[in-house]
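Notes follow the structure.
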Amino acid sequence: MCSCPSRYDDGGYSGGSTDRPDLQRLLDDIRSRKLDVIVVYKVDRLTRSLADFAKLVELFDAHGVSFVSVTQQFLRVNYRLPF
């Protein structure tokens, strides 16, 4: 079953900053455990900063969130253990 509860789109904002309304909403949803997979068109649509990307991946890992880029060979899978 596939469910996409929300779309996060910061059109008009620079990907060079994490201070974007929908990115912050995405991060809040991750912290609230509302998501288990994030799919992006390209990694640079999420952030253009390698340092910010590393911090995001740490957050994803801490909350068991998998990350997929559909146009690049990037797949990071996290599994939530039942215990």
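The values are calculated or read from the model by the stated rules, or taken from the named source; none is laboratory data. Values in this document were obtained by computation on a predicted structure and should not be read as measured data. Cβ coordinates were reconstructed from backbone atoms using ideal geometry, including for glycine residues, and neighbour counts include every protein chain displayed.
General remarks:
- A single member of L81, L50 is exposed (fewer than 13 other Cβ atoms within 10 Å of the Cβ), more than 13 Å from D9 (Cα to Cα) and at pLDDT below 85, and it is L81.
- Reported count of residues in the stretch 24-47, each being β-branched (V, I, T) and out of contact with any helix residue (DSSP H, G or I) (no Cβ under 9 Å at 6 or more places or on another chain), is 2.
- In the stretch 1-39, the residue that is nearest to A62 (Cα to Cα) out of those that are among the β-branched types (V, I, T) and either modelled with pLDDT of 95 or more or surrounded by 14 or more Cβ atoms within 10 Å (Cβ to Cβ) (or both) is I30.
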